[in-house]
Amino acid sequence: MILLVFKYLIPKGFRGLTFYPFVFLADKDDRLNEVFINHEKIHIRQQLELLIVPFYLWYFIEYLIRLLQFRNRKKAYYSISFEKEAYANEKDLEYLKSRSFWRFLRYF
């Protein structure tokens with residue numbers, strides 16, 4: 001994982017963007033935020049499991065489905081299975097050590 005601070009790449013209202021192997025941060029102070037970094041590490045693992053490009057296709061399609069379902073961008077984002085897994089486990093800094101393969105499916 002390579003951390004880069006590049007606030008102009010991050011959409012408004014977000015703190016980071018993970019695009020394997022890079023994590024782009026809006027604020028340099030987030031480099032020291034263990035919970036935030038763990039959240040992004042979970043996304044790195046998800047991307048590797050789906051061989052990167054399929055991850056983004058799935059993510060985008062699921063976002064569109066949730067957007068049609070809820071008609072609310074923020075609610076659609078938080079309802080994506082990848083985000084649900086990452087938010088649910090970001091505080092558990094040991095999570096990735098015991099995480100099973102394709103665990104995000106439990107959040108679908």
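Rule-based calculations on the coordinates, nothing more; no lab input. Quick caveat: nothing in here was measured; it's all calculated off a predicted structure. Note that we place each Cβ from the backbone using ideal geometry, even for glycine, and neighbour counts take in every protein chain shown.
Its DSSP H runs of at least 4 residues, each contributing -39,500 (n - 2.57), put the calculated 222 nm mean residue ellipticity of the chain at -14500 deg cm²/dmol, to the nearest 500. Checking every one of the GluC sites (Glu not before Pro) in segment 66-96 against DSSP loop status and a limit of 13 other Cβ atoms within 10 Å picks out GLU94.
Put simply, the amide H of ASN33, placed in the peptide plane, has no neighbours under 5 Å, leaving out anything fewer than 5 places away on its chain. Relative contact order of segment 2-107, taken over Cα pairs closer than 8 Å and 6 or more residues apart, is 22 percent. Of all beta bridges that DSSP places with both ends in the chain, some 50 percent have antiparallel geometry. Sparsely packed loop sites in segment 26-56 (the GluC sites (Glu not before Pro) outside DSSP H, G, I, E and B with at most 11 other Cβ atoms within 10 Å) do not occur. For the chain, lysine pairs separated by 8 or more sequence positions, or belonging to different chains, with Cα-Cα distances below 28 Å total 28. By the compact-protein rule of thumb, 2.2 N^0.38 Å, the alpha-carbon radius of gyration of the chain corresponds to a ratio of 1.03. For trypsin sites (Lys or Arg not before Pro), the sites in segment 38-99 that DSSP calls loop and that have at most 11 other Cβ atoms within 10 Å are ARG71, LYS91.
Sorted from greatest to least, the principal axis extents spanned by the alpha carbons of segment 67-107 come out as 36, 19, 8 Å.
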